[in-house]
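Pasting in a structure now, in structure tokens, and then I'll have a few things to ask.
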Amino acid sequence: MTKQLLCAALVCTTLVCAALLPGCALAGEGDPLLSVDDLLTLEPAYEAFLSELEALIVEHGLLSEEERGAWHDAQMGDFFQNGGYGSILATYMPGVLSLARDEETLLTLRAGLSGGQTLELLTMRRYTPQDSSLSGLMLTLSLIGADGLPQDARFTFSAAGGVFLKWDAMTGAYVSVGATALSDGETVVWSDQTPAADAKNPVIVIGITDAQTGETLPGAALTLTVDGTGYRVGENALSGE
């Protein structure tokens with residue numbers, strides 16, 4: 001193995017779908033084969049693979065220990081962006097992080113709520129309508145209770161602009177559900193057009209209720225930053241009530 005080596009671990013998700021997700025619907029040509037939620041079921045095993053791969057490439061001098069976290073986020077971002085389009089690709093070589101795009105780099109945000117809970121959001125660092133593999137910006141929420149344990153919750157998304165989409169297993173594609181969307185933890189996608197030059201920063205409002213009792217919990221907001229032809233998600237974009 002040399003420092004100029006490029007390794008590509010390529011898995012056809014058609015085979016993944018058939019072997020691991022027998023009930024999933026295959027879409028027509030040009031449509032995604034797996035949804036983000038399908039990929040979430042594969043995430044633990046894929047992250048375990050990446051952990052071993054990271055250790056090897058650090059050991060062989062292809063990646064510094066300081067770059068390890070950024071490399072992981074870039075690989076996971078590509079996994080979610082392109083996994084549903086037929087390929088899962090893990091790459092490494094010197095300087096590979098300089099090629100990573102924010103549209104394909106995973107970002108995990110957390111916000112504390114006034115009730116003591118922690119809201120966690122899995123998304124991408126940037127969404128560019130004309131240059132993103134997904135139909136929009138993926139939004140996958142989970143709630144951690146004040147006791148540090150996962151808490152069943154229902155999330156409501158709303159925004160003044162754009163539309164929300166959810167995966168339709170019957171058609172094998174994301175379909176619009178309108179200006180609001182409900183989720184019990186499954187992925188919701190926010191989609192909009194290329195922002196105008198004078199566009200304001202979009203705010204996605206998140207309502208939260210306890211799935212067991214129906215109690216309304218403190219909510220949150222995700223503020224996107226208009227950035228040229230797309231929308232950037234900053235490190236402090238998620239704020240809780």
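Run the quick spin-label model on SER114 and GLU241: label points 7 Å from Cα toward the beta carbon, then report their separation in nm to one decimal.
So the label points at SER114 and GLU241 sit 0.8 nm apart.
Next up: So how do 111-118, 124-131 stack up, highest first, on mean other-Cβ count within 10 Å?
So the peptides 111-118, 124-131, ranked by packing, come out 124-131, 111-118.
Can you give the extra length, in nm with one decimal, that the chain gains between ALA55 and THR225 once fully stretched, where that is 0.36 nm per residue apart less the Cα-Cα distance?
Between ALA55 and THR225, full extension yields 57.7 nm more.
Suppose R0 equals 25 Å. What FRET efficiency, 1/(1 + (r/R0)^6) with r the Cβ-Cβ distance, do ARG68 and LEU40 give to the nearest 0.05?
According to the calculation, E is roughly 0.65.
Test of understanding: what is the full-extension gain from ASP184 to ASN201, defined as 0.36 nm times their sequence separation minus their Cα-Cα distance?
Taking 0.36 nm per residue and subtracting the Cα distance, the gain is 3.5 nm.
Only the coordinates and a few stated rules stand behind these numbers; no lab work does. Computed from a predicted structure; not experimentally measured. So basically every Cβ, Gly included, is an ideal-geometry build from the backbone, and we count neighbours across all protein chains shown.
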